[in-house]
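A.B. asks: One structure is given below, represented as structure tokens, and several questions about it will come after.
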Amino acid sequence: MKKLMMIAAMMLMSVGAFAQEAGKMAIGVDANYGIKKDASRLGAGAKFQYSITDDFRAEAKFIYYPKKDYSTVWNGMVNVQYLIPCAENLYVYPQVGVGLMGESVDILGHSVSETLFEFHGGAGIEYFVSDNIKLNFDAIYQYGKKNDVKFDWPLLSLGIAYVF
């Protein structure tokens with residue numbers, strides 16, 4: 001009887017462990033907060049995730065920051081994430097990636113824009129509410145430089161995704 005109970009318990013615990021199997025995809029949205037001294041911003045993002053293997057996932061993400069203090073910012077990035085199961089339906093993941101960040105400033109009808117190539121790294125945590133719905137929180141540090149223009153800021157992201 002003990003063996004039967006042990007096998008049943010192990011089977012139940014493994015149900016959440018296969019939520020990230022290779023070939024799974026997810027689409028989602030998130031709210032983003034870029035933190036920079038005197039220039040913090042709120043933005044909205046959309047993402048697509050593809051599980052390459054059970055442990056590695058690729059993510060494409062686009063974030064738009066509405067006009068604030070005469071400037072509009074956008075950010076497109078590609079990330080690779082390594083999924084570490086922590087508990088049933090709960091994962092943490094370190095991530096690294098590259099992207100493009102653009103900013104346009106419009107003052108009195110005169111417009112200037114700049115696009116930077118950026119590197120970033122960070123970590124996240126996600127929780128599966130059901131088999132197809134998951135919540136996530138990410139903390140990423142972004143860095144880019146082009147000539148005299150430098151871009152670096154931490155980014156916090158809170159999102160929801162549908163897994164299919």
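A.B. asks: What spacing in nm lies between the two simple spin-label points modelled at residue 152 and residue 80, each 7 Å away from Cα in the Cβ direction?
C.D. replies: The two pseudo-label positions are separated by 2.4 nm.
A.B. asks: Then there is this: Using the Cβ atoms and a cut-off under 15 Å, what net charge is assigned to the surroundings of residue 108, where Lys and Arg are +1 and Asp and Glu are -1? Intermediate results must be reported in sequence, preceding the final value.
C.D. replies: Numbers: positive: 67; negative: 69, 106.
Cβ neighbours under 15 Å give a net charge of -1.
A.B. asks: Sum up the charges of everything whose Cβ sits under 10 Å from the Cβ of residue 158, counting Lys and Arg as +1 and Asp and Glu as -1, but leave residue 158 out. It would help to have the intermediate numbers written out before the result.
C.D. replies: Numbers: positive: none; negative: 30, 138.
Its environment carries a net charge of -2.
A.B. asks: Roughly speaking, what is the centre-to-centre gap between region 94-164 and region 20-78 when only Cα atoms are used, to the nearest Å?
C.D. replies: Between the Cα centres of region 94-164 and region 20-78 lies a distance of 5 Å.
A.B. asks: Here is a follow-up. Take the Cβ-Cβ distance between residue 110 and residue 42 as r, set R0 to 35 Å, and report the resulting FRET efficiency rounded to the nearest 0.05. Before the final figure, lay out the partial values.
C.D. replies: Details: r = 26 Å, r/R0 = 0.73.
Taking R0 as 35 Å, the efficiency between residue 110 and residue 42 is 0.85.
A.B. asks: Where Rh is the Kirkwood radius over the Cα pairs of region 19-65, the temperature 20 °C and the viscosity 1.002 mPa s, what D in µm²/s does Stokes-Einstein return? Present the calculation step by step, with values, prior to reporting the outcome.
C.D. replies: Values: Rh = 12.0 Å.
My calculation gives 178 µm²/s for D.
A.B. asks: With all pairs of different alpha carbon atoms counted, what Kirkwood hydrodynamic radius in Å does region 60-127 show? Could you put the intermediate results ahead of the total?
C.D. replies: Values: mean 1/r = 0.0715 Å⁻¹.
Mean inverse Cα-Cα distance, inverted, gives 14.0 Å.
A.B. asks: Please give the peptides 49-62, 143-156 ranked by average Cβ packing (other Cβ atoms within 10 Å per residue), highest first, as a rough proxy for protection. Could you put the intermediate results ahead of the total?
C.D. replies: Working: 49-62: 16.9, 143-156: 14.1.
The peptides rank, most packed first, as 49-62, 143-156.
A.B. asks: What angle do you read, to the nearest 10 degrees and between 0 and 90, between the alpha-carbon axis of helix 2-14 and the longest principal axis of the chain?
C.D. replies: 20 degrees
A.B. asks: Continuing with the same structure: Go ahead and collect, in residue order, the members of region 43-65 whose backbone nitrogen is under 17 Å from a label point 7 Å along the Cα-Cβ direction of residue 164.
C.D. replies: 46-51, 60
A.B. asks: To continue, here is another question. Ignoring solvent entirely, what values of log10 I(q)/I(0) come out of the Debye formula for region 105-164 at 0.16 Å⁻¹ when each Cα is a single scatterer?
C.D. replies: These q points yield log10 I(q)/I(0) values of -0.70.
A.B. asks: Report in % the part of the accessible area of the chain that belongs to carbon and sulfur, leaving out ligands and nucleic acids; probe 1.4 Å. Mind dumping the intermediate values first?
C.D. replies: Working: 6790 of 9750 Å².
Here it works out to 70 percent.
A.B. asks: In Å, the Kirkwood hydrodynamic radius of the chain over pairs of distinct alpha carbons?
C.D. replies: Details: mean 1/r = 0.0579 Å⁻¹.
Value: 17.3 Å, from the Cα pair sum.
A.B. asks: With θ taken as phi - 60° and the coefficients 6.51, -1.76 and 1.60, list the Karplus ³J(HN,Hα) couplings across region 120-131 in order, rounded to whole Hz; mark glycine and proline as x.
C.D. replies: 8, x, x, 8, x, 9, 9, 10, 7, 6, 9, 5
The values are calculated or read from the model by the stated rules, or taken from the named source; none is laboratory data. These numbers were taken from a predicted model, which means no experiment stands behind them. Methodologically, a virtual Cβ is constructed for each residue, glycine included, from the backbone with ideal geometry; neighbour enumeration extends over all protein chains shown. For the accessible areas, the whole protein counts, side chains as well, though only heavy atoms, and no ligand, DNA or RNA atoms are used. Shrake-Rupley method; radii C 1.70, N 1.55, O 1.52, S 1.80 Å.
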